Amino acid sequence: MMHIRQWLIVFLVSTIVACGGQNSRPSDRQKKDREAAVLNVQLASGYIRRGNLEVAKAKLLKAIEHDEYYLPAYTTMAVLMNMLGDYEQAEKYYREALDINVNDPDLHNNYGTFLCNHGKFEEAKEQFNIALRNQFYVTPQAAHSNLGYCMMQGDNPDYAVAEKHLRKALEKDPNISSALLAMGELGLETGKFLMSRAYMQRYHAQAKPDAHSLWIQIQAEYALGDRDFFVKLSRELLKLFPESDEAKKVMRLPNKW
């Protein structure tokens with residue numbers, strides 16, 4: 001199975017639709033509760049960036065206490081619970097967010113990303129497709145890229161479907177790095193080494209290389225028999241990431257020249 005990597009998860013700041021039990025014109029108390037919820041989510045996001053996750057959790061719980069319909073409190077809590085390793089709670093908060101606004105395509109994309117990262121590939125596919133069916137989705141390239149990558153995972157990957165969605169993502173945004181990287185990996189998995197090289201060259205032209213991305217292109221160059229590019233990239237990997245697993249894999253490749 002391919003190496004599953006974390007990719008797009010976005011803190012959602014969504015417009016909340018009117019919910020049952022709320023007045024269309026909020027009272028002064030409701031306005032104050034919403035302001036308090038917004039402030040607590042902002043504080044929590046700051047604590048998350050600084051790595052103070054338990055304080056962030058307390059702030060998010062306080063936000064939900066002030067306003068149980070404030071969607072970003074739930075989505076940020078879902079991300080936080082995932083970071084803390086409490087995946088059951090993370091999924092619970094995603095589902096509660098969907099109860100508030102089931103029509104938010106960004107939320108379906110993020111929930112799909114979470115499900116895919118935890119091996120629930122068919123459920124993830126359903127969430128991405130819900131997002132893509134929404135005619136008001138502003139960034140469908142995100143869901144296309146994530147769905148494409150997800151279809152490359154698991155014991156029964158569907159590379160044809162994966163490639164279709166990755167290409168759609170790149171039609172919308174030719175520079176979306178997650179799709180370029182995934183196309184590089186897909187080329188390796190399907191024996192399309194020229195394709196893998198081409199997409200990794202595009203990826204490295206705009207993104208800082210890491211051990212994983214260099215290793216993808218190194219494998220493509222090795223398969224293509226291009227000694228010059230293989231040596232150049234291998235030296236770069238060994239210099240920048242000498243302790244990485246990928247560096248050890250390079251050293252184990254048999255000399256074919």
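Tell me which residues, restricted to the range 30-63, are hydrophobic (A, V, I, L, M, F, W, C) and either open to solvent by 30 Å² or more (accessible area, probe 1.4 Å) or over 17 Å from Leu80 (Cβ atoms) (or both).
Ala36, Val38, Leu39, Leu43, Leu53, Val55, Ala58, Leu61
For the range 194-211, which residues satisfy the criterion of being within 18 Å of Pro157 (Cβ to Cβ) and either in a loop (DSSP other than H, G, I, E, B) or open to solvent by 20 Å² or more (accessible area, probe 1.4 Å) (or both)?
Matches in the range 194-211: Met195, Tyr199.
Can you confirm whether the range 170-189 contains a residue that is without any contact (Cβ under 8 Å) to a residue 12 or more places away in the chain and open to solvent by less than 50 Å² (accessible area, probe 1.4 Å)?
no
The values are calculated or read from the model by the stated rules, or taken from the named source; none is laboratory data. Since the structure is predicted, the reported quantities are computational estimates derived from the model, not experimental observations. Please note: Cβ atoms are built from the backbone with ideal geometry, for glycine as well, and neighbour counts cover all protein chains shown. Please note that ligands, DNA and RNA were not included when accessible areas were found on the heavy atoms of the full protein model with its side chains. Shrake-Rupley method; radii C 1.70, N 1.55, O 1.52, S 1.80 Å.
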